[in-house]
Amino acid sequence: MKNKTSFLPQEGEARPSRCPDNSAFKQQKLPAWKPQLTIAAVLSSFFLTGVFCLSVGVCLIMSANSVREIQIDYSDKCSDCSKLRENSSNWNKECHCSVNFMLKEDILGDVFMYYGLQNFYQNHRRYVISRSDAQLLGRNVNIQKSYCAPFTTYRNGTPMAPCGAIANSMFNDTIDLFYNLNSSVIQVPLLKTGNSWWTDKNVKFRNPKSYNLSSAFAGTARPPYWQKPVYLLDEEDERNNGYVNDDFIIWMRVSAFATFRNLYRRVRRIRQFADGLPAGNYTFHISYNFPVTKFKGRKHVILSTVVWSGGSNPFLGIAYVVSGTAATLTGFVITVIHLKLRKKKTFFQK
Amino acid sequence: IVCWRRELGTEAYIPQRFPDNRIVSSKYTFWNFVPKNLFEQFRRIANFYFLIIFLVQLIIDTPTSPVTSGLPLLFVITVTAIKQGYEDWLRHKADNAMNQCPVHFIQHGKLVRKQSRKLRVGDIVMVKEDETFPCDLIFLSSSRGDGTCFVTTASLDGESSHKTYYAVQDTKAFHNEQEIDALHATIECEQPQPDLYKLHRIKEMTDYNNLVNCAFIKLLYRAIVSKISCLISGVAIYTGMETKMALNYQAKSQKRSAVEKSMNVFLIVYLCILISKALINTVLKYVWQSEPFRDEPWYNQKTEPERKRNLFLRAFTDFLAFMVLFNYIIPVSMYVTVEMQKFLGSYFLTWDEEMFDEDTGEGPLVNTSDLNEELGQIEYVFTDKTGTLTENNMEFVECCIEGHVYVPHVICNGQILHDCTGIDMIDSSPGGSGKAILEISLNFTNQTLCLCHTVQVKDDDSVDGLKKNQLSRRSCIYISSSPDEVALVEGIQRYVCNQEGLRTLCVAYKKLTAEEYSNAQKLLQNAKLALQDREKKLAEVYEKIERDFILLGATAVEDRLQEKAADTIEALQKAGIKVWVLTGDKMETAAATCYACKLFRRNTQILELTTKKIEEQSLHDVQDGSSANYRELFLEICRNCSAVLCCRMAPLQKAQIVKLIKLSKEHPITLAIGDGANDVSMILEAHVGIGIIGKEGRQAARNSDYAIPKFKHLKKMLLVHGHFYYVRISELVQYFFYKNVCFIFPQFLYQFFCGFSQQTLYDTAYLTLYNISFTSLPILLYGLMEQHVSADTLKREPSLYRDVAKNALLRWRAFIYWTFLGVFDAVVFFFGAYFLFDNTVVTSNGQMFGNWTFGTLVFTVLVFTVTLKLALDTHYWTWINHFMIWGSLVFYIIFSLLWGGIIWPFLNYQRMYYVFMQMLSSGPAWLGIILLITVSLLPDVLKKVLCRQLWPTATERIQIGGTCIGLDSSCSCCCRVFRGTARTPELKSLSFIPSHFTA
């Protein structure tokens, strides 16, 4: 209030004991920055946002356009196999088919091979929780306590390793790529390791400790839908076998949506594939094990390159361009309103 | 002594046990505290809702752990229980102190000391000077020879003047214990009643069953303080919870602020949204599942018990699971934060040094912090006059005798002072002051003044103390009856110095012969004993005697206005608040005060509703609430007035007026401010009650919600603190709902993509901590520190108060805007991330992200957006705000790094392991996060800019630095209400005197 001066304590006179403390905080007078929505700040922020978004968007679109991607739906191309797989009693019958395609121009750089699934609800709650992370860490745990049911144990009490619906439904097609060069067929060399997150491979997934892998898994059984036990996933490479198998680890990372793709192989850049995949005719040799027709799903195999902005998704670039445009336009609209109102003595005074 | 009670009008005696003299104001006992308190807490809709959610989580298999809702609920319940328990413990202590204070009894002719609670009906009690009566008593005798005693009833009705009580005729001669103890009597009295002013018809029969006295007796009530007289003895007739005080004890009902009511409405809206969301999802789930390949595909089989479960049971548990999944939309933490904001925020009021009064050494007191924001919503202020607007400090200004005006220094040391116990006129020798002017009339006037009063001389006073009943409701002179007096003097009250707002007394006299006197005496006695129409008969008698006076002169006394009262009232009126003055004073005095404090201006048109029969009738009806017509008429008139003055108000009538306005059509928010115990009822009735820590005791301050030392502090309290509190809490409430819509709506959308399986989008840690730590502190700090305009500006421009009037920031429009903003942001988060992840690679190394990365990305955008939204709304950035806003974002990042950085041994899942780091190592994810945050914030910024430019509010003009345009002056019609009933029963009861006159 205005009589503030009368409030100052007289010299030598003690303030009454109940008199409040005069700190800036208690008097709500802390020094503060009081930002104001001035027209300059508003317009500059809109235009800056617009320019930034537009430039990022253009860059993103350009880089996304440089991505090469080939996607082949092979769920119907092997129609015999898909029929065969509809009956689960044929689980041990092998079924192979091949899919041809032609590259009109070279795919340069690192080429990644993905498998894609449609209508496969990996994000269903019952499915997501159906795993035992402790078991996958190589610990000797009682999986009865986990949410693995109904894929926990067999009737005779033998525990499944790994347990749970996720592990049980692991993608088990094998896809090989062949390059048809002048009537000779060259198998494209593919890398099957190094595709999963480093931390998953080295920390989150561990095999049980024992002198060899098969003994580590002694007393357990493979999941019902698997054709071979977990310690035979990759017999050639000890460090890619058991729980630390890359394909298994990648499968265990549950996707966010029912349509998804997972990294399967990378093209190894040697010999004629040192720059990527040259143009020409190619064939996928597929051993068809994974049934999708039963849940009206589709299977794809995808070859794609990757740039700094990810795969061939134009969304981010378009979104940036659109919002950049919107911000810029809004900036102009505000300017117009401001100029019109200024004649009528607007409140925006700098 | 035997005591009987009888219902009025019946002859039947009801045999009954009388309670002991124990007063119980506490709510709980040691044993029933836990169940009773829990029961009361769960009666709150919010607590009950959280309890249900918690129980559901315990019983069925839900997507989230019961801990997430159980812990916060436990916290809230415990804190509230401790607070209420502590308060009740204080009440217990106060009760015990009262019940155990010593009382003197007479037993077997001897004086015995006992605890107050052991007092029984029929006991004879001795009370000394300055002691309070322990229960309601019949006055038997006093140590003064004439059987009188002097008491003050301040703690009952706020009247601090001394009143004379008379002992029962037959017993007043008893002086020592033996005599009193020898008394045998039967007392017949009514059932206890709360009415303070009603007289008790009590039949007292002493020995031999002679009907000795059948009269209306003033009882000595509990809590009355005895003064001056040395020893009083009395018979206890009402004890304990049957005393007047206990019957009049009005439990402080819990007041709820407008914001809290809006909050509850919003809560119900959200509850409906929640239930409909859960219903929609449940229905869709079963539609979606109707295809068996979706319900149970080969890769995702059910367990045996799941397959066998009854369909309806399954649907019901699914519904509950969805409820649990979405229950965060109404967070427990909102209630905790609101409570904390109110509690901590109220300290700023007590700390305010501008509201500290140097003279009294008192600062503002906050008795309840529940109503902080209501201070910013006041539409009507009801103020008491004496002691609130004025100093309550009577000063003798001048007197006029036979046309000559004398000012104080001429009349030497003639001076009238007023303190809280009464008015003392110190006048060493009225007639012989040795001054030049020693006219007979002056002498005579002084003589009259000296004779005609109800002043008692205290023994230890060295000078003659002259005390006049000069209190607001009693500004008439009572004339003591001494038969040999030549003259009886009459005080007529008429206004001579109207403009100056002085209280004046006219002094006049009349000679009575001995016969005339005894006639009058007889008439009065008869009228007093009449069973019916006593008031009327008494008035007739007074009318008969009080005529043909000879005017002697007039005295004038001034009660000065409090400093800055006018300034404060002016500011309040500019702020759009209607100020009503409710006073017990006469109209002229009150009106003069109103002019002085600028409530009325010279050009105001005054509308008077005065004593004419019809109006009086109408007013009476209005206040009794019996006639709806008059009530509406009265409201209609008063609502169109800029200021209203109501005179001659009894305490209860004040409360009735407040109630009338409170319950009128628009349900305006009312504030009552007063300093005396007579204002307590209105303080309790109004939405916000403010007590002035004043001279008439602390009764008002104790019963109020807030207490301030001076009326002028009301200005800062409403215009600055109230405004701030309101702006802060309304943003807090809206923001809480907004951020939880943002939080939960993506979760709802995700159900459409995960087969309605109640899969959570976010990790449990995020679900739990979102409201507790990631986003709670910035808004709490906002709720404590925000100043959208500076305090000085608010005080300088009272009209800014209108910007927030009528709950402006919590109207439906604002609420819907916030909700839609939340939905929009949630859609942006979810679908932005969805298209970003749409079956494609989001990393630069070809690796894929899973569902937890998706959820974490949405969550990161969410946390940043809601925090930055708050940052955009903050107008006052102290270092604390910076610290909290940026600090909580940094905390989120650090927590996420830590949470994902370690294989936590106590968790049975490791789904978040390195998810956050992997996300941050991907360039597109960064770009996506930045884009989504920008897009979510843009519309709000745009709305702000456009609204400011096109339709700026006064506050926004001020913020930009312009000055506020002058307000069109408020309606200049004024209304004064004058209550006609001048004589309260209180006055009549004192009429042992032969003559009485009122205006």
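Tabulated results
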read-out: Qualifying residue in region B:763-779 (condition: closer than 30 Å to A:Y127 by Cβ, within 12 Å of chain A (Cβ to nearest Cβ) and among the hydroxyl-bearing types (S, T, Y)); value: yes
read-out: In region B:940-954, residue least open to solvent (accessible area, probe 1.4 Å) [restricted to those that are facing another protein chain (nearest Cβ under 7 Å) and of a type in the set (D, E, K, R)]; value: B:R948
read-out: Any hit, region B:18-29, residues being surrounded by fewer than 18 Cβ atoms within 10 Å (Cβ to Cβ) and assigned to a helix (DSSP H, G or I); value: no
read-out: Selected residue [at pLDDT below 95, of a type in the set (A, V, I, L, M) and open to solvent by less than 10 Å² (accessible area, probe 1.4 Å)] from B:V858, B:V863, B:V841; value: B:V841
read-out: Selection from region B:32-58 of residues that are modelled with pLDDT under 85 and open to solvent by 70 Å² or more (accessible area, probe 1.4 Å); value: B:R43, B:R44, B:I45
read-out: Every residue from region B:791-838 that is surrounded by fewer than 23 Cβ atoms within 10 Å (Cβ to Cβ) and closer than 29 Å to A:W198 by Cβ; value: B:Y834, B:F835, B:D838
read-out: Filter result for the condition that a residue is open to solvent by 40 Å² or more (accessible area, probe 1.4 Å) and at pLDDT 80 or above, over B:L937, B:L967, B:L907, B:L920; value: B:L920
read-out: Selected residue (only one of A:F257, A:F290, A:F284 is farther than 21 Å from B:S922 by Cα, facing chain B (nearest Cβ under 10 Å) and either open to solvent by 20 Å² or more (accessible area, probe 1.4 Å) or not in a helix (DSSP H, G or I) (or both)); value: A:F290
read-out: Entirely in region A:96-209, the strands (runs of 3 or more DSSP E) that have 3 or more residues that are of a type in the set (V, I, T), within 25 Å of B:Y909 (Cβ to Cβ) and modelled with pLDDT of 90 or more; value: none
read-out: Qualifying helices (runs of 4 or more DSSP H) (wholly inside region B:243-340; at least 1 residues being in contact with a strand residue (DSSP E or B) (Cβ under 8 Å, 6 or more places away or on another chain)); value: B:244-248
read-out: Test set (1) crowded, with 18+ Cβ neighbours inside 10 Å; (2) touching a residue at least 12 places away in the same chain (Cβ under 8 Å) - B:Q301 fails condition number; value: (2)
read-out: Enumeration of residues in region A:233-254 that are surrounded by fewer than 16 Cβ atoms within 10 Å (Cβ to Cβ) and outside any loop (DSSP other than H, G, I, E, B); value: A:E238, A:R239
read-out: Test: A:M113 is more than 9 Å from chain B (Cβ to nearest Cβ), touching a residue at least 60 places away in the same chain (Cβ under 8 Å) and within 18 Å of the chain's Cα centre (by Cα); value: yes
read-out: Qualifying residue in region A:80-101 (condition: more than 12 Å from every other protein chain (Cβ to nearest Cβ), open to solvent by less than 80 Å² (accessible area, probe 1.4 Å) and closer than 30 Å to B:I929 by Cα); value: no
read-out: Condition check for A:F295: open to solvent by less than 20 Å² (accessible area, probe 1.4 Å) and either on the phi > 0 side of the Ramachandran plot or more than 9 Å from every other protein chain (Cβ to nearest Cβ) (or both); value: no
read-out: Top-ranked residue in region A:210-221 [being in contact (Cβ under 8 Å) with a residue 60 or more places away in the chain and surrounded by fewer than 19 Cβ atoms within 10 Å (Cβ to Cβ); ranked as farthest from B:P297 (Cα to Cα)]; value: A:G219
read-out: Any hit, region B:893-909, residues being more than 10 Å from chain A (Cβ to nearest Cβ), under 29 Å from A:F46 (Cβ atoms) and not basic (K, R); value: yes
read-out: Boolean, A:I302 is surrounded by fewer than 21 Cβ atoms within 10 Å (Cβ to Cβ), more than 7 Å from every other protein chain (Cβ to nearest Cβ) and closer than 20 Å to B:G850 by Cβ; value: no
read-out: Pairs with Cβ under 7 Å, 6+ apart, first in region A:128-153 and closer than 21 Å to A:A258 by Cα and open to solvent by less than 50 Å² (accessible area, probe 1.4 Å), second basic (K, R) and at pLDDT 90 or above; value: A:C148/A:R131
read-out: Index of the failed condition, B:V332 passing every other in (1) of a type outside the set (K, R); (2) in contact (Cβ under 8 Å) with a residue 40 or more places away in the chain; (3) touching a Lys or Arg at 6+ places or on another chain (Cβ under 9 Å); value: (3)
read-out: Filter result (in contact (Cβ under 8 Å) with a residue 12 or more places away in the chain and at positive phi) within region B:646-673; value: B:R648
read-out: Residue list for region B:786-800, filter: more than 10 Å from every other protein chain (Cβ to nearest Cβ) and of a type in the set (A, V, I, L, M); value: B:L794, B:L800
read-out: Selected residue (criterion: nearest to the other protein chains (Cβ to nearest Cβ)) from residues of region A:310-320 that are assigned to a helix (DSSP H, G or I) and open to solvent by 40 Å² or more (accessible area, probe 1.4 Å); value: A:F315
read-out: Single residue of region B:818-846 satisfying the filter (touching a residue at least 40 places away in the same chain (Cβ under 8 Å) and more than 17 Å from B:L749 (Cα to Cα)) that is farthest from the other protein chains (Cβ to nearest Cβ); value: B:W818
read-out: Region A:195-209, residues that are in contact (Cβ under 8 Å) with a residue 12 or more places away in the chain and surrounded by 14 or more Cβ atoms within 10 Å (Cβ to Cβ); value: A:N195, A:S196, A:W197, A:D200, A:K201, A:K204, A:F205, A:R206, A:N207, A:P208
read-out: Answer residue from region B:876-892, given it is away from chain A (no Cβ under 14 Å) and in contact with a helix residue (DSSP H, G or I) (Cβ under 9 Å, 6 or more places away or on another chain) and is most open to solvent (accessible area, probe 1.4 Å) among those; value: B:F891
read-out: Every residue from region B:906-959 that is of a type in the set (A, V, I, L, M), farther than 16 Å from B:G832 by Cβ and in contact (Cβ under 8 Å) with a residue 12 or more places away in the chain; value: B:M912, B:V915, B:M917, B:V941, B:A954, B:I958
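The values are calculated or read from the model by the stated rules, or taken from the named source; none is laboratory data. In this text, all values refer to a predicted model and were calculated from it rather than measured experimentally. Note: ideal-geometry Cβ built from the backbone for every residue, glycine included; neighbour counts use all protein chains shown. Surface accessibility is based on the protein's heavy atoms, side chains included, excluding ligands, DNA and RNA. Shrake-Rupley method; radii C 1.70, N 1.55, O 1.52, S 1.80 Å.
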